[in-house]
Protein chains: 4
Amino acid sequence: MVRIGIVGGTGYTGVELLRLLAAHPQARVETITSRSEEGVRVVDMYPNLRGHYDDLKFSVPDTAALGQCDVVFFATPHGVAHSLAAELLATGTRIIDLSADFRLSDAQLWSKWYGQPHGAPELLGEAVYGLPEVNRDAIRNARLIAVPGCYPTSVQLGLIPLLEKGLAQPDNLIADCKSGVSGAGRGTNLGSLFCEATESMKAYAVGGHRHLPEIRQGLQRAAGREVGLTFVPHLTPMIRGIHSTLYAQVPDRSVDLQQLFEERYANEPFVDVLPAGSHPETRSVRGANVCRLAVHRPQGGDLVVVLSVIDNLVKGASGQAIQNMNIALGLDERMGLELPALMP
Amino acid sequence: MVRIGIVGGTGYTGVELLRLLAAHPQARVETITSRSEEGVRVVDMYPNLRGHYDDLKFSVPDTAALGQCDVVFFATPHGVAHSLAAELLATGTRIIDLSADFRLSDAQLWSKWYGQPHGAPELLGEAVYGLPEVNRDAIRNARLIAVPGCYPTSVQLGLIPLLEKGLAQPDNLIADCKSGVSGAGRGTNLGSLFCEATESMKAYAVGGHRHLPEIRQGLQRAAGREVGLTFVPHLTPMIRGIHSTLYAQVPDRSVDLQQLFEERYANEPFVDVLPAGSHPETRSVRGANVCRLAVHRPQGGDLVVVLSVIDNLVKGASGQAIQNMNIALGLDERMGLELPALMP
Amino acid sequence: MVRIGIVGGTGYTGVELLRLLAAHPQARVETITSRSEEGVRVVDMYPNLRGHYDDLKFSVPDTAALGQCDVVFFATPHGVAHSLAAELLATGTRIIDLSADFRLSDAQLWSKWYGQPHGAPELLGEAVYGLPEVNRDAIRNARLIAVPGCYPTSVQLGLIPLLEKGLAQPDNLIADCKSGVSGAGRGTNLGSLFCEATESMKAYAVGGHRHLPEIRQGLQRAAGREVGLTFVPHLTPMIRGIHSTLYAQVPDRSVDLQQLFEERYANEPFVDVLPAGSHPETRSVRGANVCRLAVHRPQGGDLVVVLSVIDNLVKGASGQAIQNMNIALGLDERMGLELPALMP
Amino acid sequence: MVRIGIVGGTGYTGVELLRLLAAHPQARVETITSRSEEGVRVVDMYPNLRGHYDDLKFSVPDTAALGQCDVVFFATPHGVAHSLAAELLATGTRIIDLSADFRLSDAQLWSKWYGQPHGAPELLGEAVYGLPEVNRDAIRNARLIAVPGCYPTSVQLGLIPLLEKGLAQPDNLIADCKSGVSGAGRGTNLGSLFCEATESMKAYAVGGHRHLPEIRQGLQRAAGREVGLTFVPHLTPMIRGIHSTLYAQVPDRSVDLQQLFEERYANEPFVDVLPAGSHPETRSVRGANVCRLAVHRPQGGDLVVVLSVIDNLVKGASGQAIQNMNIALGLDERMGLELPALMP
């Protein structure tokens, strides 16, 4: 059994980790931390978990207890993993960080977008960006894994087949992304209220969203050069799901795009290329660790449109974190992650 | 492995059977029928199942093929199981019927409420009403199981602890029930349209709903006498879930209701009595085969209020059907049904 | 023109007052207060009002400015109107209070349910309960009007025809009420988050809700005696709307209930009795100042079921407040309130 | 009073015409047609209109009755206005057609996209495209007005300020549009069911949507040359609203985009340019005849992003139709259309 610790377990990615780990045959959650909810039973906060974690209580973070775990997940706001990672790694445990702390390899870039100094630049050298479809080998040996953001996962999986082959003009990429409200977390912000968010649609952060540099970093690695990207996120009245609509100029009209995508992901257990002409729905991945893709060339023109859907809490966060754990520990990558999506 | 056939697999209870059976370690779906969708791949209709049933296609109902199954589920409109049951039973297979065909033990009562003659009255003698919390022993040997309706499941589980003990006055029971829209099925009715059903609440069938005689039959068995019941169903703007608010006069104020409910369901794997003072949410059972209950005596008066929530497609249909299968076949009753609910 | 002040205009009943008053030919909003938003333009907080109140800004409450208004609406949490009412009345303005401060005529009862001393018991004598269908004459001369709560409006309008005539047994009335989330206000509570409230249904405050004594007071006035009432509110995943399902024993089966209700409300501009057999939907009153009712006697039994729907922000709050203003000022009661509901 | 006829009044644009006309001081609906609902009272189908159209019944289309109207609105599927327009115009009435029949000035192009011959090419010469912000003068004298589609309205209003001035590169325009489900109409299609559409997001018709040639025609008129446009519509889980996110290369970075948009629409009563940095929400226009716009240049690059929101049933259909009527008849263009949006 894998002994697991979770730091910051009260948010949506925390409870989603618990839900998914309940179906993982090798996982045992030993400790879950929350300063604000110390002593509260997990099932009193999350009654859907009654019968699964009846004895688990939130505790204050304790390096000794966490250090006895094989894996520690951070489901925390940015900055927390910075402050605890070095000490924890010294105990020999592995860290899988769902926050943004180690996603950017450039500490200065991180500081610019997060508005504070990077708290652990000395660890950036060994931090691995946990997108298995790109970095599987590096993940296998990693002690410190940065789980990609939700938008970055859906955008990168949609665009890298075009960029890796040099088919897309890299200067004017566009990612028009629609996210469910759970992407904003469990914090009590006005904009996340039911009466503010339901029955409405809006863009936000058009001027610049923190996922922009992360996406650009990933696309640049795929393209092997600088890329220009416009990223417009939208708040959509649904709990879960990201639908990324991606636009790229692909002037070579002789390319068989369907074949390109199918081959790129032929051996990927969690990327599903739909048949030509398809329009994936976010509900088809609700609760499941999968990204479904479709690729179109509307009206036979130069502009290619890729449609990419994930569940932001699963393939966009907690599911991908477990996928990383499986790889890092040498388990079957699929373990605990094969359940179908909930539909309807 | 249990060989499984599904008759009428295109509706919501059909796809939910497939979703749940994908997590069942002993189940193998051999055949699924649909006259209208013959030859269509299941995953083309339900992309959430891609990767799980990639080779399964809808076929026309064929007694020979179904007869080679160990269990045949009927996820059909009423009347279909009537016409096929006898022939199928003769092949030695078991039938678990999710429709209303064998729920009422009185053929005349069935005819009155369903507006047509009962098609198989000779089978009523051996048909078992598949509410495990009441009928577990009979289910164990059953060849023909009638899975309870969604409303009847939630109402019976909420009221039988009071009725079995003779504590509730049986003449004026009230069940005020709120159901998600999936209870209306996948048919293209005007009232099921998004723009007609969302952002609104309404009662329906106040004059008389087909689940009324089924609920009354179950409550009468528990009470050992006639009961008077007013049942008002409501359409609620959500996909899944039933919230039944149940009202009963319990004049004996010395009864410890919390203890009564906890003891009644102490050994039930799929009934969860919440702590005193709780208010169960339907989302706490979304996708899970569980009924959560809370019991209140507001203002210390005679009237007791029981709150009962289920997922209408799971404990109210497909999950309970699998629970019946497990019992009938001597498998662990929990098998394939232990996953936590999806929340948020 | 009627000069209008609004105290506490940042919540949902405040913005709804502004929306409705924009359509009122005699209304001019002179001042709107909010301590927390002082200096903010109303349209920057509520862009739906752009073009209507472009110059209006929130200001700190100022008795002098408010005193120059003909009418001051309080759209505040309880306790605020208590502290300001006497001073304001002394200036000669009228107060229409949407909060609970003056709804209960018994100061001690108020203290018990609101957990603090009543702040202005000396004003209770002249405070008028602003349910026009019951109190129209008193409203005409009132200086201080307590606008009924949302649940109390829908429940009283549904039950008083039966109680006034002595037809309903008053000991065991039940009000099973379903409210949209806007009833919880614009405060940033966890339970009001989109991801917590959507796709779910739950009861709350079964043990005792603050609207219980208000409803009971109104029903007792109609019945001319004590009544026993069980009131169970539910949170429903929609923005607006209350659906009250009301249960009363009416042993005299010879009563023509349809006729009774139609006659009771024959001259009421804002109560609409639907044809026999109807099931009103909350969306049919979305944004409109109307209560729609239907009355049923299921299965011909003793128990009568009344279905009552309102928009909690309109007939349950701001619309009814304006209706009171119209009556109090001698304007046409319908003025500004005749627009149809928004459907779909 | 303006005598009004409505052909095909049972759909969502029909009922929305009735709702809006109820607030129009000069409008009187004389006749409304529906073959399938002949004899049915309008209020029995649309209870939100009770008290407003109590005597109005659906009738079969009758040229004599319609010919006595001053204005006849067509709220019909495409093809119907083709067959009736000539005969009706001969009676001297005006036609305001909400369908697609007269939107494209090229009959062959129409045939290609609608899959049938154009039924009235001889009328194309006098048909006026009813986008007041572009065609106000022509509308004033028009007998036959083609009301723009919902997507085309939101896209054109967002892009024409850039195209008219020759600022945007016209070859690679992108319109990523998100529509509420009411855009699909009141037909009982599987994809419009609540359980299929809620809690999900998907693109559709990426290969080619019928609004594409209409949008392109409008943009070309503004640009004075051919334009290249990629248009991707998405189905969003809300009743009303279109959010168009528009992408255009504007290489001249010295342009003050905010000023450009404000000046272009300075005198437009129903186009609202939000302050710089804004993100309009569709709910801010719910039920209102207004388009709200915001313009951004993310990261200071060449690509400009315009955000454009409308209510698809109002400014995208019935409200704009009434706006056209007001202009054509010489009434105040704002008449009956000034009510604020419903929010929350």
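If you go through region C:272-292, how many residues are open to solvent by less than 10 Å² (accessible area, probe 1.4 Å), of a type in the set (A, V, I, L, M, F, W, C) and more than 8 Å from every other protein chain (Cβ to nearest Cβ)?
1
Let me confirm something: among B:Gln217, B:Gln169, which residue is among the polar types (S, T, N, Q), farther than 25 Å from A:Pro344 by Cβ, away from chain C (no Cβ under 14 Å) and touching a residue at least 60 places away in the same chain (Cβ under 8 Å)?
B:Gln217
Going through region B:95-113 one residue at a time, which ones are β-branched (Val, Ile, Thr) and either within 14 Å of the chain's Cα centre (by Cα) or open to solvent by 10 Å² or more (accessible area, probe 1.4 Å) (or both)?
Matches in region B:95-113: B:Ile96 only.
Quick one: which residue in A:Gly277, A:Gly330, A:Gly301 is over 19 Å from the mean Cα position of the chain (by Cα) and farther than 22 Å from A:Ile160 by Cα?
A:Gly330
Being touching a strand residue (DSSP E or B) at 6+ places or on another chain (Cβ under 9 Å) and either in contact (Cβ under 8 Å) with a residue 24 or more places away in the chain or not in a loop (DSSP other than H, G, I, E, B) (or both): is that true of A:Arg136 here?
Working: touching a strand residue (DSSP E or B) at 6+ places or on another chain (Cβ under 9 Å): no; either in contact (Cβ under 8 Å) with a residue 24 or more places away in the chain or not in a loop (DSSP other than H, G, I, E, B) (or both): yes.
When the stated conditions are applied, A:Arg136 does not pass them.
Mind checking which strands (runs of 3 or more DSSP E) fall wholly inside region A:1-94 and carry at least 1 residues that are free of Cβ contacts under 8 Å to residues at least 24 places away in the same chain and open to solvent by less than 40 Å² (accessible area, probe 1.4 Å)?
none
Which condition from (1) farther than 30 Å from A:Ala266 by Cβ; (2) of a type in the set (Lys, Arg); (3) open to solvent by 60 Å² or more (accessible area, probe 1.4 Å) is the one that A:Arg140 breaks?
(1)
If a residue must be among the aliphatic types (A, V, I, L, M) and more than 7 Å from chain B (Cβ to nearest Cβ), how many such residues does region C:189-214 contain?
Adding up the residues that qualify gives 5.
Checking A:Gln169 against (1) farther than 20 Å from D:Leu274 by Cβ; (2) open to solvent by 10 Å² or more (accessible area, probe 1.4 Å); (3) in a helix (DSSP H, G or I); (4) not β-branched (Val, Ile, Thr), which single condition isn't satisfied?
For A:Gln169, the failing item is (3).
Looking at region A:311-343 only, could you name the residues that are within 13 Å of chain B (Cβ to nearest Cβ) and either hydrophobic (A, V, I, L, M, F, W, C) or surrounded by fewer than 24 Cβ atoms within 10 Å (Cβ to Cβ) (or both)?
Step one: of region A:311-343, the residues within 13 Å of chain B (Cβ to nearest Cβ) are A:311-314, A:317-319, A:334, A:336-343.
Residues satisfying the conditions are A:Leu313, A:Val314, A:Ala317, A:Arg334, A:Gly336, A:Leu337, A:Glu338, A:Leu339, A:Ala341, A:Leu342, A:Met343.
How many residues does region B:293-304 contain that are open to solvent by 10 Å² or more (accessible area, probe 1.4 Å) and either touching a Lys or Arg at 6+ places or on another chain (Cβ under 9 Å) or touching a residue at least 12 places away in the same chain (Cβ under 8 Å) (or both)?
Of the residues in region B:293-304, 7 are open to solvent by 10 Å² or more (accessible area, probe 1.4 Å) and either touching a Lys or Arg at 6+ places or on another chain (Cβ under 9 Å) or touching a residue at least 12 places away in the same chain (Cβ under 8 Å) (or both).
Step by step: first the residues of region B:188-217, then only those that are out of contact with any Pro (no Cβ under 9 Å at 6 or more places or on another chain) and assigned to a loop (DSSP other than H, G, I, E, B), then the one that is most open to solvent (accessible area, probe 1.4 Å). Which residue is that?
The residue in question is B:Arg210.
I'd like to check something: does region C:105-118 contain any residue that is touching a Ser or Thr at 6+ places or on another chain (Cβ under 9 Å) and under 26 Å from C:Thr31 (Cα atoms)?
Initial filter on region C:105-118 (touching a Ser or Thr at 6+ places or on another chain (Cβ under 9 Å)): C:117-118.
Filter again for under 26 Å from C:Thr31 (Cα atoms), leaving none.
No, region C:105-118 contains no residue that is touching a Ser or Thr at 6+ places or on another chain (Cβ under 9 Å) and under 26 Å from C:Thr31 (Cα atoms).
With the checklist (1) surrounded by 23 or more Cβ atoms within 10 Å (Cβ to Cβ); (2) not β-branched (Val, Ile, Thr); (3) not in a strand (DSSP E or B) in hand, flag the one item A:Ala175 doesn't pass.
(3)
What pairs can you find where one residue is in region A:252-281 and of a type in the set (A, V, I, L, M), the other is open to solvent by less than 30 Å² (accessible area, probe 1.4 Å) and part of a loop (DSSP other than H, G, I, E, B), and their Cβ atoms are less than 8 Å apart, with a gap of 6+ or different chains?
Going by the 8 Å Cβ cut-off, the qualifying pairs are A:Leu257/A:Val250; A:Val271/A:Tyr265; A:Val271/A:Val290; A:Val273/A:Tyr265; A:Leu274/A:Pro280.
Determine whether region A:133-152 contains at least one residue that is facing chain D (nearest Cβ under 10 Å), out of contact with any Phe, Trp or Tyr (no Cβ under 9 Å at 6 or more places or on another chain) and charged (D, E, K, R).
No, that holds for no residue.
Go through (1) under 18 Å from the mean Cα position of the chain (by Cα); (2) at negative phi and name the single condition B:Gly336 misses.
Of the numbered conditions (1) under 18 Å from the mean Cα position of the chain (by Cα); (2) at negative phi, the odd one out for B:Gly336 is (2).
Given the criteria surrounded by fewer than 16 Cβ atoms within 10 Å (Cβ to Cβ), assigned to a loop (DSSP other than H, G, I, E, B) and more than 14 Å from chain B (Cβ to nearest Cβ), does C:Arg225 qualify? Steps first, answer last, please.
Numbers: surrounded by fewer than 16 Cβ atoms within 10 Å (Cβ to Cβ): yes; assigned to a loop (DSSP other than H, G, I, E, B): yes; more than 14 Å from chain B (Cβ to nearest Cβ): yes.
Criteria met by C:Arg225.
Rundown of residues vs (1) modelled with pLDDT under 95; (2) outside the structural domain of C:Val7 (by TED's automatic domain parsing); (3) closer than 20 Å to C:Gly125 by Cα, yes/no style:
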position: C:Pro61; (1), (2), (3): yes, no, no
position: C:Val72; (1), (2), (3): no, no, yes
position: C:Ala75; (1), (2), (3): no, no, no
position: C:Gly79; (1), (2), (3): no, no, yes
position: C:Ala85; (1), (2), (3): no, no, yes
position: C:Leu88; (1), (2), (3): no, no, yes
position: C:Ser99; (1), (2), (3): no, no, yes
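Residue by residue through region B:150-166, note down the ones that are more than 19 Å from B:Glu268 (Cβ to Cβ) and buried (at least 24 other Cβ atoms within 10 Å of the Cβ).
Residue satisfying the conditions is B:Tyr151 alone.
Given the condition in contact with a Gly (Cβ under 8 Å, 6 or more places away or on another chain) and closer than 30 Å to C:Gln249 by Cβ, answer yes or no: does some residue in region C:118-129 qualify?
Checked region C:118-129: at least one residue is in contact with a Gly (Cβ under 8 Å, 6 or more places away or on another chain) and closer than 30 Å to C:Gln249 by Cβ.
D:Val232 passes all but one of (1) of a type in the set (A, V, I, L, M); (2) in a helix (DSSP H, G or I); (3) within 9 Å of chain A (Cβ to nearest Cβ); which number fails?
With (1) of a type in the set (A, V, I, L, M); (2) in a helix (DSSP H, G or I); (3) within 9 Å of chain A (Cβ to nearest Cβ) applied to D:Val232, the lone miss is (2).
What pairs can you find where one residue is in region C:193-204 and under 16 Å from A:Leu235 (Cβ atoms) and at pLDDT 95 or above, the other is open to solvent by 10 Å² or more (accessible area, probe 1.4 Å) and among the β-branched types (Val, Ile, Thr), and their Cβ atoms are less than 7 Å apart, with a gap of 6+ or different chains?
So the pair list comes out as C:Leu193/A:Thr188; C:Phe194/A:Thr198; C:Thr198/A:Thr198.
Here are some conditions: (1) in a helix (DSSP H, G or I); (2) of a type in the set (D, E, K, R); (3) open to solvent by 20 Å² or more (accessible area, probe 1.4 Å). C:Glu126 meets all but one. Which one does it not meet?
Only one criterion is unmet by C:Glu126, namely (1).
The values are calculated or read from the model by the stated rules, or taken from the named source; none is laboratory data. Worth saying up front: this structure is predicted, and the values here are computed from it rather than measured. FYI the Cβ positions are ideal-geometry reconstructions off the backbone, even for glycines, and counts take in every protein chain you see. With ligands, DNA and RNA removed, areas are computed over all heavy atoms of the protein, side chains included. Shrake-Rupley method; radii C 1.70, N 1.55, O 1.52, S 1.80 Å.
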